[in-house]
Each structure stands twice: as structure tokens, then as C-alpha cells.
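Student: Quick one: structure below, then a few questions.
The values are calculated or read from the model by the stated rules, or taken from the named source; none is laboratory data. Just so it is clear, the structure is predicted and the values come from calculations on it, not from any experiment. As a convention, Cβ positions derive from the backbone with ideal geometry for all residues, glycine included, and neighbour counts pool all protein chains shown.
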């Protein structure tokens, strides 16, 4: 921008509330922490997010309890409800908030997923969103008919085809298909309604869909993935991308990269929203916030958790080590079978990670636990409400993202303070709504009306030839 | 006669009501069938009438005029449905006492997902969840999944004997119920796979759960194998109520082996006694342990203050539909008071009734505002909701987990 400009309206900050997950980020040992399963907890977080004028609520999915060293992992919050059932129950509890849920493409069929999200969209008056993920492991597959294993390439091809088939099902009833005119005795304008046929490599299905076109036409599609393949998948098929890039520099790079991929699918930058997951800690002063952040980190990394986190890099049993003592002298064993099941590996090069950690531990004289507190899972935003509001706004205005999926660390009250103290500051800056207007989630996010399935398919054709399926195969992402 | 006051009543909700032309009646809300408000109003009405529970119909394919056939060209009947489990979930926070029993199919679905969905429905309703397990026998529905081919069930398919005499059909149906029994077994094991006290939140040891109280279910069957444990902790009722609709010996055995409640379709009082006898026989054959099946008689009802008006309404709707309505269950037309008499007369062997309103909301309101008071006056129905959980209301104790060890 050069020179004085007309005050162009500031970019609006998109905010979502992520129900805390089953990992050590969620602090269950705090006296404030409540049930991860009782509906009251979900209701509390959703109502808080709606009071804070958030765009949507986000609920992840679990399909197999995690294991480490061949045993069920018992140190973090364990146990989740069924995603769709909770979202449907929330649909009547909050009236404006979007309802986003993770549903695996691997252990479902398009007909059912399409039915469930179209139903949620009807019941919520147009507020449904689907976070599409695809699981990598036969371990989770042991709970399902189709088993688990698909090689990586197959898995992403299947996921892309799954989303396409789902969109075709959503398009199978035209808008206005229901006449419901008793005088002339016409219920549906065309009978039988909902005809569809999808004959692809992974799905060969045909018949009639049961759910009339929903208020959004297509519920919002979110894709979680940071790799080249994930970015391409999102550019080709998603409305929003859920990323881990929550630092400013990495965020700007990521943002520019994914938005630049849209043109080849005939899309404009506004049609794909970039939403990093982010955590936050507030304090009365910067020092106070840092102190609180450190206290939370200690709660998140108990001595037992510190050993388990270290094992995820060393890939061997370290239960004999003292968390308050020094790092093991032995090296990681990356070639051994993975000791962790049901969760993605977090470190690409364990030998290099171990080398860096050793250097850091020696330099700062850190115990295993202190090191784990230092190197894993630092909060994204730490500061005063004004400081955090300023950072969030800077990220959005300077195109490091379009907003955030906030992940509180306490169930269910972890968002209360943010809504009380940060939200009013964002509203003062004119970057967050002060009331909800009528409309669907899709409209609120500025996504425009749903693009027909046929148009998605046509746009994906040339790009699929250009990038090849191997790009998708690089994807490595689980949100267990 | 059973204890008069112990009569149970449920309402079966489907679209605009059970008569195919019901949506054309004044007062019907055909434009609202796919909205939350419609279902919330029906559930509230049923709860005001103190009904034990509502069921919500569903299927993995469109409604059809023929019981066997696939989608047809009838534009004059209701077509399309929302997912019943999700409707029930939305109703849970809006209601406080009534049981919620959605239909979910066993044939093409994942037992793991069904188990966590119903367990979660039990959480969001604080112990009011049930599940009506239903097989999907139609070839057209199998094609929606593309994973297997099912034979056409249309009677008299070319070159085959009619109905049950057809060995292809008999095998097919037996297979579907075998799979359904396995599906219910998996769902139930998963519900039990977390001990009630598995979550310990023990700060000194850093442990959130006691993993010795989480159990692999290791089910292996012909159609699927499931390792477990569930991702969802044991639901409030321990075992949510499982129901099945049954019209003959094979499904009676399925119900006896798998369900808590069976919906049956007697034609008259004698038939009701005979069916109850067959259900008890099926319980003996399958070696059922635990409480006996709660047997509910299904009836489609047209109710008006004047019996002639009810009969006229049925005639009018049959005329509009250009067919005599002939469902699988008996059809009652008359006054709520007459229906109260009939329910008590047929009562021997039955624990209660699942009434299918022919037209919604009209016939549901006749049940809640006419039939229920009539039964109450005769001392045959509750005056309130003394129980919180659906199991309690049906006289079913909360069962210990099958994995619980007696040694404490």
C-alpha cells in the first residue's frame, strides 16, 4: 500500500473453538478440569464460543485408544464421545455457532457420511462442517469391517474420491425438490428423487440418496494437512485448511503457498480459509502470563509424560529413566517397530532431534522433564489480553492466516477468559463481529455458495495430471 | 392381565405419519419434515403425554410403496428422511424424561460407530437412549455401498419359488439376522468394555485411567472382527435399551438373543397371546438369560373423538392414495376411549404398545391428550415420570459389565 488510503475494511478474524483433545496438552490434573465425556462440558464450551461470537465449534474424532509399549496409554485424557452425535445435540443448544467435526474417510462409506452431514446441516439450519482426515494405520482398522490397511497413495486417492462422491450425493436432490403441496398431491417434484451414480476406482455406488438438499447445499469441507500432498488436496477440494503452522513466519509462507495453488483449480484466494490450531495463555502482565504458561507446561508434562514423550523420539522403552535426571546416553532406535500406536509420529528424523536435544540439555543443564517442557508443545500466544489480541490481529491482517482454531487446555472452562478479555478487544478493533447476522456457516465464512460436485471434478482433472498422485502420497497427518 | 398400572406406551414417529397420504391432511406439516423444530414439537408432545419412549424410523434407502421393492415413481408420497440417530441426539437436550430410540441399520454400518453413537446418545440424554436394530434386505440399498450384492427379494423373482419357500431368500434373510446378532453382540461388548470406574484421575501416579479396567473385546465373526475397547466410556445406563421389530420365528429368535424390547404385530387379542407365546418359546430356544423381553404390540392408529370421523379419515386417505392401506401391523380406527379398552383387552402377554400415529401431529395428540388420560382414569397408566433412565422405566436393572470381576 502506498500513501494515505481510504480506510479499507479490516480483514475479519475467523475464530473456532476446538474441544480439548486426548493428548497431554489437555490438563486433567487441574482442580478446574471437568469431564471429557459429559454433555455439560461440550455445552459449556459451545455456549462460551457463541457468547464470544466465534465462527464454529470443532470436535475431533477417536476410533481406537492409543497405545504405547503395547499398552493402552493412560497418562492423558482417554475416551471421547461419538463426534456426530455430540454435534447434533449441540445443534439445538447453540443457534448461530457452526458445528465442525472430524470424520475419518477410511472407516466410513460416502453414503453414510453424506447422510450424516446433510442431516446435521438440516438440523442446524446450515451450520455443518466436515474435517476430512484419513488414517494411516491397520491398528485403528482392527475396529472396523474393512480393516485398515491401504498404502499411502491409495489412501489419499480414496480420500479425494470419497469427498467427490459425497458431494455428488449432496447434489443428488436439486434445491426445491420438495413441493409438499397437499392440494395437488405432489410431495416430490420428481420421483424417485435423489438419483446418483458414482463409478470410480474406490467407490462404485448408485441408487437414491435419502436426504433432501441441505441449507448449505454442501456442508463446509475442512482438510487437515500440512505436507505438499495435503496442501494440494486442500486446494483441490476443501473450503478451509486446518494447519499446524502457528508461527508468524511459517504461517505467511504456508498461507502464500496454499493460496497460490488455488488458481489451477479455477478458485480465488478467498475460497480457501487458512486456520492454524493455536493455544494461548493470558496474564495481567507479560511476566504473569509467562509464569502461568510455565505452570501449565509443568501440568502438561508430568514426570511420567516426560518419559513417554522422550520415548516417542527414542522409540524404545525408557521407563527405567528418572524424569528429573539427564537424557539417556543410548541413541534412538528409529528402525525398530514403532512403540506408539494410534498417533502420528511427530519427528521426521529422530537422530537429528536427539542430537539437538542433547545439545540444548547440556547447554541449559536441563533434566528430561525440563527439556520436554522446553521443546514440546509451547503455547502459541502468551501475553496480556491486549498483547494476544494484537498478535492475533497481526497474523490475520498480514496474511499469516485467516483466523485460528483455538485449543484451550482445560475442559470445559478453558475459553472463558479469552472470551471475557480478548474478544472485546478484537471487537473494538473492528475485526470480530459484535452480533451474528442470519445466514449459514458458509456465508459467514465468506465462502460463497456451494460449487457443484461436477465443477469440482472438472477442475481437479488437469491438476491431477500435473501433480500426480505421488504428491498426495507424501501426506503424513493424523489428528487422532 | 398384567398389572394394569404397568402398561407401557411408546409412539413410533416417521415422516408425516404412517399413512402414505397422511401428509395431505389439514394440520400435517409436510414442509417441515426436515427441520429440527418439527421433531422437537413431536418429542415435546410425546413427553407431555408421559410416553415411555419414542422411536424414530430410518433406512439406508428411500421409502417405497412396496415392502420389497426399491425406489418407485410415486411423487404423491413422502420421500426422504434424516438420519434418525442424529434426530434423537438433537432431541436429547430439548427433552428431559422421554426415552429416545432411533433406528440404525446393522447390515452396511460399522458396529463400532453404532456403539459409540448410541453410547453418546445415552450421555447427551442422561440415560434415555435406546437403539432399534434393523436389517437392510434390499438389493437397492446394498448398491448404495457397493461392497456386496444382495439378491432381489421381490416375491416370485424369475425362476424362483415365491416368498420363504425360495431357498435364496431364506438363506439371505437368515444371513442378515445372523449378521445383526453379531452386530448387537459387538455393540454390547463395546458398551461394557470400560468399567464404570475406569477413569481414576490419579494425580500422584499421573494416570487418567486404570487401564486394567479397559477391555479388548476381541470379537471375530463371519462378517467382521472388532478388537476394542470402545473409544467411549461405559454409558450411563450401562447397556442402553436394544429393540427390534419382529414378525416371525426367525426375528423372534434374534430379539430373544439380542434385544431388551421386541415390537410385534398381533391382529387381535388371540393373536397377541399366540405371539407372546412364540416370543417366550424363542427365549427358551436361545437360552436367554436375564430379564425377559419386554413385548410391545404395534398398532397403527387413527383417533378422533368421534369413531366415525376416524374411520372417515382413513377412508379419505386411502382414496387419496388410491390403495387400501395394508401395513404389517393392525390398524385401529376409533376414539381414544375405545382404544384404551382394546389395549387392556389385548393386554395379556404384552407389556405395552408402540402406537404408530397415522397422521402427525394429529394422532399423536389424540394419544397424549385422549388415550393417556383414558388409561389413567382406569388406573392403567402412570401419572408422571418417576424414573430417570429408560431401563428403569422398563423395569430393567442396570446390568454389571460382562467384564467386571467379582473379586474386588
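Student: Restricting attention to region A:322-333, does a residue exist that is within 14 Å of chain B (Cβ to nearest Cβ), at pLDDT below 90 and not in a helix (DSSP H, G or I)?
Tutor: Looking for residues that are within 14 Å of chain B (Cβ to nearest Cβ), at pLDDT below 90 and not in a helix (DSSP H, G or I), one finds none in region A:322-333, hence no.
Listed here are the residues, each with its yes/no results for (1) at the interface with another protein chain (Cβ under 9 Å from one of its Cβ atoms); (2) buried (at least 22 other Cβ atoms within 10 Å of the Cβ); (3) on the phi > 0 side of the Ramachandran plot.
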site	(1), (2), (3)
B:49	no, no, no
B:54	no, yes, no
B:81	yes, yes, no
B:106	no, yes, no
B:120	yes, yes, no
B:128	no, yes, no
B:143	yes, no, no
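Student: Residue check, residue A:150 against (1) free of Cβ contacts under 8 Å to residues at least 60 places away in the same chain; (2) within 13 Å of chain B (Cβ to nearest Cβ); (3) in contact with a helix residue (DSSP H, G or I) (Cβ under 7 Å, 6 or more places away or on another chain), all met but one. Which one?
Tutor: Looking at each condition in turn, residue A:150 falls short on (2).
Student: Additional query: Could you check residue A:253 against (1) assigned to a helix (DSSP H, G or I); (2) touching a residue at least 60 places away in the same chain (Cβ under 8 Å); (3) farther than 16 Å from residue A:27 by Cβ and say which number it fails?
Tutor: (2) is the only condition that residue A:253 fails.
Student: Looking at region B:166-197, which of the residues that are in contact (Cβ under 8 Å) with a residue 60 or more places away in the chain and in a loop (DSSP other than H, G, I, E, B) is nearest to the other protein chains (Cβ to nearest Cβ)?
Tutor: B:193
Student: Return only the number of the condition from (1) part of a loop (DSSP other than H, G, I, E, B); (2) touching a residue at least 12 places away in the same chain (Cβ under 8 Å); (3) more than 20 Å from residue B:247 (Cα to Cα); (4) touching a helix residue (DSSP H, G or I) at 6+ places or on another chain (Cβ under 7 Å) that residue B:324 does not satisfy.
Tutor: Condition (2) is where residue B:324 drops out.
Student: Applying the selection to region A:106-128, what residues are more than 7 Å from every other protein chain (Cβ to nearest Cβ), outside any helix (DSSP H, G or I) and surrounded by fewer than 24 Cβ atoms within 10 Å (Cβ to Cβ)?
Tutor: Result: A:106, A:108, A:125, A:126.
Student: Still on this structure: Going by what's in this entry, would residue B:266 be described as more than 22 Å from residue B:333 (Cα to Cα) and either modelled with pLDDT under 95 or under 19 Å from the mean Cα position of the chain (by Cα) (or both)? Don't jump to the end; show me each part of the working.
Tutor: On the way: more than 22 Å from residue B:333 (Cα to Cα): no; either modelled with pLDDT under 95 or under 19 Å from the mean Cα position of the chain (by Cα) (or both): yes.
Answer is no for this residue.
Student: Working carefully through the options A:40, A:34, A:51, find the one that is more than 11 Å from chain B (Cβ to nearest Cβ), surrounded by fewer than 22 Cβ atoms within 10 Å (Cβ to Cβ) and out of contact with any strand residue (DSSP E or B) (no Cβ under 8 Å at 6 or more places or on another chain). Spell out the reasoning first.
Tutor: Details: A:40 fails: more than 11 Å from chain B (Cβ to nearest Cβ); A:34 fails: more than 11 Å from chain B (Cβ to nearest Cβ).
Every option except A:51 fails the conditions.
This table checks each residue for (1) within 20 Å of residue A:13 (Cα to Cα); (2) in the same structural domain as residue A:445 (by TED's automatic domain parsing); (3) buried (at least 18 other Cβ atoms within 10 Å of the Cβ).
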position	(1), (2), (3)
A:271	yes, yes, yes
A:279	yes, yes, yes
A:307	no, no, yes
A:319	no, no, no
A:322	no, no, no
A:325	no, no, no
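Student: Would you be able to say whether some residue in region B:295-305 is touching a helix residue (DSSP H, G or I) at 6+ places or on another chain (Cβ under 9 Å) and loosely packed, with under 14 Cβ neighbours inside 10 Å?
Tutor: For region B:295-305, residues touching a helix residue (DSSP H, G or I) at 6+ places or on another chain (Cβ under 9 Å) and loosely packed, with under 14 Cβ neighbours inside 10 Å: present.
Student: Quick one: how many residues across region A:396-415 are in a helix (DSSP H, G or I) and in contact with a helix residue (DSSP H, G or I) (Cβ under 6 Å, 6 or more places away or on another chain)?
Tutor: Residues flagged as in a helix (DSSP H, G or I) and in contact with a helix residue (DSSP H, G or I) (Cβ under 6 Å, 6 or more places away or on another chain) within region A:396-415 amount to 1.
Student: Regarding residue A:100, is this residue in a strand (DSSP E or B), under 20 Å from the mean Cα position of the chain (by Cα), surrounded by 23 or more Cβ atoms within 10 Å (Cβ to Cβ) and more than 9 Å from chain B (Cβ to nearest Cβ)? If you could, list the steps in order and put the result at the bottom.
Tutor: Numbers: in a strand (DSSP E or B): yes; under 20 Å from the mean Cα position of the chain (by Cα): yes; surrounded by 23 or more Cβ atoms within 10 Å (Cβ to Cβ): yes; more than 9 Å from chain B (Cβ to nearest Cβ): yes.
It is true that residue A:100 is in a strand (DSSP E or B), under 20 Å from the mean Cα position of the chain (by Cα), surrounded by 23 or more Cβ atoms within 10 Å (Cβ to Cβ) and more than 9 Å from chain B (Cβ to nearest Cβ).
Student: Among (1) within 14 Å of chain A (Cβ to nearest Cβ); (2) in contact with a strand residue (DSSP E or B) (Cβ under 6 Å, 6 or more places away or on another chain); (3) in contact (Cβ under 8 Å) with a residue 24 or more places away in the chain; (4) more than 24 Å from residue B:391 (Cβ to Cβ), where does residue B:31 come up short?
Tutor: Only one criterion in (1) within 14 Å of chain A (Cβ to nearest Cβ); (2) in contact with a strand residue (DSSP E or B) (Cβ under 6 Å, 6 or more places away or on another chain); (3) in contact (Cβ under 8 Å) with a residue 24 or more places away in the chain; (4) more than 24 Å from residue B:391 (Cβ to Cβ) is unmet by residue B:31, namely (3).
Student: Report, by residue number, each residue of region B:46-61 that is out of contact with any strand residue (DSSP E or B) (no Cβ under 9 Å at 6 or more places or on another chain) and either at pLDDT below 95 or closer than 17 Å to residue B:356 by Cβ (or both). Working first, answer last.
Tutor: Restricting attention to region B:46-61, the residues satisfying the condition of being out of contact with any strand residue (DSSP E or B) (no Cβ under 9 Å at 6 or more places or on another chain) are B:48.
Once the filter is applied, which keeps residues that are out of contact with any strand residue (DSSP E or B) (no Cβ under 9 Å at 6 or more places or on another chain) and either at pLDDT below 95 or closer than 17 Å to residue B:356 by Cβ (or both), region B:46-61 yields nothing.
Student: So, one more: Out of (1) buried (at least 20 other Cβ atoms within 10 Å of the Cβ); (2) at pLDDT below 95, the odd one out for residue A:349 is which?
Tutor: Evaluating residue A:349 over (1) buried (at least 20 other Cβ atoms within 10 Å of the Cβ); (2) at pLDDT below 95 leaves (1) as the failure.
Student: Here's another thing I want to ask about it. What do you reckon, is residue A:93 facing chain B (nearest Cβ under 8 Å) and part of a loop (DSSP other than H, G, I, E, B)?
Tutor: On the way: facing chain B (nearest Cβ under 8 Å): yes; part of a loop (DSSP other than H, G, I, E, B): yes.
The answer is yes for residue A:93.
Student: Could you check region A:225-234 and list, in sequence order, the residues that are part of a loop (DSSP other than H, G, I, E, B) and touching a strand residue (DSSP E or B) at 6+ places or on another chain (Cβ under 6 Å)?
Tutor: Pass one, region A:225-234, residues part of a loop (DSSP other than H, G, I, E, B): A:225-227.
Across region A:225-234, the qualifying residue is only A:226.
Student: Right, another one. Give region B:198-244 a look and list any residue that's in a strand (DSSP E or B), facing chain A (nearest Cβ under 7 Å) and farther than 22 Å from residue B:127 by Cα, or say none.
Tutor: B:201, B:207, B:208, B:209, B:226
Student: Can you tell me which of (1) within 13 Å of another protein chain (Cβ to nearest Cβ); (2) assigned to a strand (DSSP E or B) is the one residue A:222 doesn't meet?
Tutor: For residue A:222, the exception is condition (1).
Student: Another question, if that's okay. Quick one: how many residues across region A:65-90 are more than 22 Å from residue B:102 (Cα to Cα), in a loop (DSSP other than H, G, I, E, B) and facing another protein chain (nearest Cβ under 7 Å)? Please lay out each step first, then the result.
Tutor: Going through region A:65-90, the residues more than 22 Å from residue B:102 (Cα to Cα) turn out to be A:65-79.
Then keep just the ones that are in a loop (DSSP other than H, G, I, E, B); that gives A:65-66, A:69-70, A:73-79.
Keeping just the survivors that are facing another protein chain (nearest Cβ under 7 Å) gives A:65, A:74-79.
Matching residues across region A:65-90 total 7.
Student: Another question, if that's okay. Can you name the condition, by its number, that residue B:263 falls short on among (1) in contact with a helix residue (DSSP H, G or I) (Cβ under 8 Å, 6 or more places away or on another chain); (2) at negative phi; (3) buried (at least 16 other Cβ atoms within 10 Å of the Cβ); (4) outside any helix (DSSP H, G or I)?
Tutor: Checking residue B:263 against (1) in contact with a helix residue (DSSP H, G or I) (Cβ under 8 Å, 6 or more places away or on another chain); (2) at negative phi; (3) buried (at least 16 other Cβ atoms within 10 Å of the Cβ); (4) outside any helix (DSSP H, G or I), the one that fails is (1).
Student: Here's another thing I want to ask about it. With respect to residue A:145, determine if the residue is within 17 Å of residue B:109 (Cα to Cα), within 10 Å of another protein chain (Cβ to nearest Cβ) and not in a helix (DSSP H, G or I).
Tutor: Details: within 17 Å of residue B:109 (Cα to Cα): yes; within 10 Å of another protein chain (Cβ to nearest Cβ): yes; not in a helix (DSSP H, G or I): yes.
In short, yes.
Student: Give just the number: which of (1) in a helix (DSSP H, G or I); (2) at pLDDT below 95 does residue B:289 not satisfy?
Tutor: (1) is the only condition that residue B:289 fails.
Student: I'm trying to understand the selection: among the residues of region A:378-418, which are surrounded by 18 or more Cβ atoms within 10 Å (Cβ to Cβ) and modelled with pLDDT under 95?
Tutor: A:379, A:380
Student: Looking at residue A:306 and the list (1) closer than 27 Å to residue A:61 by Cβ; (2) assigned to a helix (DSSP H, G or I); (3) within 14 Å of another protein chain (Cβ to nearest Cβ), which single condition is not satisfied?
Tutor: Of everything listed in (1) closer than 27 Å to residue A:61 by Cβ; (2) assigned to a helix (DSSP H, G or I); (3) within 14 Å of another protein chain (Cβ to nearest Cβ), residue A:306 misses just condition (1).
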